[in-house]
1. Give the residues of the range A:322-361 that are hydroxyl-bearing (Ser, Thr, Tyr) and either closer than 20 Å to A:LYS290 by Cβ or in contact with a helix residue (DSSP H, G or I) (Cβ under 7 Å, 6 or more places away or on another chain) (or both), sorted by residue number.
2. I need a count of the residues in the range A:324-351 that are free of Cβ contacts under 8 Å to residues at least 24 places away in the same chain and hydroxyl-bearing (Ser, Thr, Tyr).
3. Given the criterion open to solvent by 30 Å² or more (accessible area, probe 1.4 Å), within 11 Å of chain A (Cβ to nearest Cβ) and outside any loop (DSSP other than H, G, I, E, B), identify the matching residue among B:ARG57, B:ARG47.
4. If A:PHE401 satisfies every condition in (1) over 27 Å from A:ALA48 (Cβ atoms); (2) assigned to a strand (DSSP E or B); (3) of a type in the set (Phe, Trp, Tyr) but one, which is the exception?
5. Looking at the range A:182-195, is at least one residue buried (at least 20 other Cβ atoms within 10 Å of the Cβ), more than 19 Å from the chain's Cα centre (by Cα) and closer than 30 Å to A:LEU121 by Cα?
6. Return yes when A:LEU251 is within 14 Å of another protein chain (Cβ to nearest Cβ), out of contact with any Lys or Arg (no Cβ under 7 Å at 6 or more places or on another chain) and of a type outside the set (Phe, Trp, Tyr) and no when it is not.
7. Does A:GLY44 satisfy being assigned to a loop (DSSP other than H, G, I, E, B), small (Gly, Ala, Ser) and closer than 28 Å to A:ASN362 by Cβ?
8. Could you give every pair whose Cβ atoms fall below 6 Å, whose first residue belongs to the range B:55-67 and is of a type in the set (A, V, I, L, M), and whose second residue is open to solvent by 20 Å² or more (accessible area, probe 1.4 Å), counting only separations of at least 6 or pairs across chains?
Amino acid sequence: MTRFSALSLFTKAFGGHQNWPEQWPDAAPKPAYDAIIVGGGGHGLGAAYYLAKKYGITNVAVLEKGWIGGGNTGRNTTIIRSNYLYDESAHLYDHAVKLWDGLSQELNYNIMYSKRGVMMLAHNVHDVQSLQRHINANRLNGVDNEWLTPEQAKAYCPPLNISPDARHPVLGAALQRRGGTARHDSVAWGYARAAAALGVDIIQNCAVTGIRRGADGAVEGVETTRGYIGAKRVGVSAAGNTSVIMQMAGLDFPLESYPLQALVSEPIKPTFPCVVMSNTVHAYMSQSDKGELVIGAGTDQYVSYSQRGALHIVEHTLAAICEIFPIYRRMRMLRTWGGIVDVTPDRSPILGKTPVKGLYVNCGWGTGGFKATPGAGDLLAYTIAKDQPHDINAPFNLDRFRNGRLIDEAAAAAVAH
Amino acid sequence: MILIHCPYCDEKRPEIEFANAGQAHIARPLDPSGQSDADWETYLFIRANPRGRHHERWRHIHGCGRFFNAVRDTVTDKFETTYKAGEPRR
């Protein structure tokens, strides 16, 4: 791997950007590996990287049915935050936020993590009470979060309409200053490049079609569209397709897959300095470094694997955006798209072991998996390497749906999050 | 937006008139206290989530207000059929 430095970028820029080497080789599958990760998104590539980097398992393959980062990693709205209500969630998501810090240096790849702050708006009395409860819970867990008055919110994000007679009046806001955005493609590419440099094979266009198990029920390998590949340890990080993969091992999962849509506007000059989320009216927005307003919409109401959603979902979100930020009313939208998100009954992820020996899972991140990318990768790697979950992900087990120890962020937020 | 045929109104109407009510044909246990934790887990949380043919419930909430069942392909989102509640699984 060629190391990037200010000098190498400078030299290549003056050389007309000729002769950039490929970032990592497009590997063909070997007959067997020590561990296989199913799913070449940020989470899966992160898991492969940390397996090789922190846990010394370098004979690893990442199997991706399409292309690297072409699933939900390239389809999300790139928001990073950790202001979750419950202790377990705060620890899990803050583990990821801590890893985001310094990730560009660690990977020698600019992931453009920008701590521009995530501001969540309160539009009614319930929102005020709920957000203030979140702030208090977060601060007890060492996660930064603070209350802003409407005037302070307006000062932090000038396009905000705080007029008392607005359609969605702003009664205040919760601000997590460490929250922000990162460039999602770079996260996938950075992990892929760094993992490949440590010996990980990144195999694209390789869909898993079956899981082979021995007489004792333990995993022996996976059947793929590029032939059989042996591995005693298989970690599945396949987002919306997790149910399909788990059925190959005879496991029924508490998941449903829904389309989640996002859209971007035409690019404009910098006008929007932070991330604003309004859970009550479903408006989530930031501005990319290219100048596009990046807008997250809601999920469609039905189970689907189509990677597209209905226009009325987008219309609902834009109606709210136009009311909260009237200056954008005449903006034109450039593109909309959808990704398939796997949602659990309590809206918390499942990250740990499965009843099948040698089969591990990282799924159920629902509508908010991007922020957790480094943390989920690290914890999946730990779980695979040690054959037991880390203290941070131990509560996010599959057994909670049987013993009732849910981590009910769905009830805590009462909306998609 | 998809168009959905309501078997009671016998009309194809736009999706915004309907509310999806999850997987169909999940029977509530008749003997709640006789169920194990695993039975409750299956009833409450485990879902088929198939890639392909899916049985689901819909409610014509802004129309006749009634629940009915549907078979839909989850890859194309195309409806195969809709039928009244209480009719056998298609």
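1. Those that are hydroxyl-bearing (Ser, Thr, Tyr) and either closer than 20 Å to A:LYS290 by Cβ or in contact with a helix residue (DSSP H, G or I) (Cβ under 7 Å, 6 or more places away or on another chain) (or both): A:TYR328, A:THR336, A:SER348, A:TYR360.
2. Here the count works out to 0.
3. Details: B:ARG47 fails: outside any loop (DSSP other than H, G, I, E, B).
Every option except B:ARG57 fails the conditions.
4. (2)
5. The answer is no, given that none of the residues of the range A:182-195 is buried (at least 20 other Cβ atoms within 10 Å of the Cβ), more than 19 Å from the chain's Cα centre (by Cα) and closer than 30 Å to A:LEU121 by Cα.
6. yes
7. On the way: assigned to a loop (DSSP other than H, G, I, E, B): no; small (Gly, Ala, Ser): yes; closer than 28 Å to A:ASN362 by Cβ: yes.
It is false that A:GLY44 is assigned to a loop (DSSP other than H, G, I, E, B), small (Gly, Ala, Ser) and closer than 28 Å to A:ASN362 by Cβ.
8. That search, which allows pairs on different chains as well, returns B:ILE61/B:ALA19.
The values are calculated or read from the model by the stated rules, or taken from the named source; none is laboratory data. Quick caveat, the model's predicted, so the values are computed rather than measured. Virtual Cβ from ideal backbone geometry, glycine too; neighbours counted across all protein chains shown. Quick note on the areas: whole protein, heavy atoms, side chains included, nothing else; ligands and nucleic acids left out. Shrake-Rupley method; radii C 1.70, N 1.55, O 1.52, S 1.80 Å.
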